[in-house]
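The values are calculated or read from the model by the stated rules, or taken from the named source; none is laboratory data. Treat the numbers as computed from the prediction; the structure is a model and nothing was measured. Counting neighbours? That spans all protein chains shown, and the Cβs are built from the backbone with ideal geometry, glycine included.
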Amino acid sequence: MKKNKYLLYLLLCGVMIYIAMPRLNLTLGGSDALFAGSWLFLALLVFAGNLAAFLYTPKKKLPTGRNRLDSKPKRKSRVYTG
């Protein structure tokens, strides 16, 4: 379920970058270029973070009934010291 969420975020971030790239002008200079560069840097950080989360999400371990049924119930023991 989490992988689907990260994939959706990756696609949305990719669409945002695709739409914004023609409108961002890095060659103008001044505050416009600073804004465009910082926006692009942050968008790429978001993309990289979601890609890492998508690739390295640990898989769920399914509980097996065999281990629970085969093992004996544990006994509680009290240890008194002193």
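Inside region 13-29, residues that are surrounded by 13 or more Cβ atoms within 10 Å (Cβ to Cβ) and in a helix (DSSP H, G or I) make up a count of 5. Here D32 meets each of (1) acidic (D, E); (2) modelled with pLDDT of 80 or more; (3) exposed (fewer than 13 other Cβ atoms within 10 Å of the Cβ) with one exception, condition (3).
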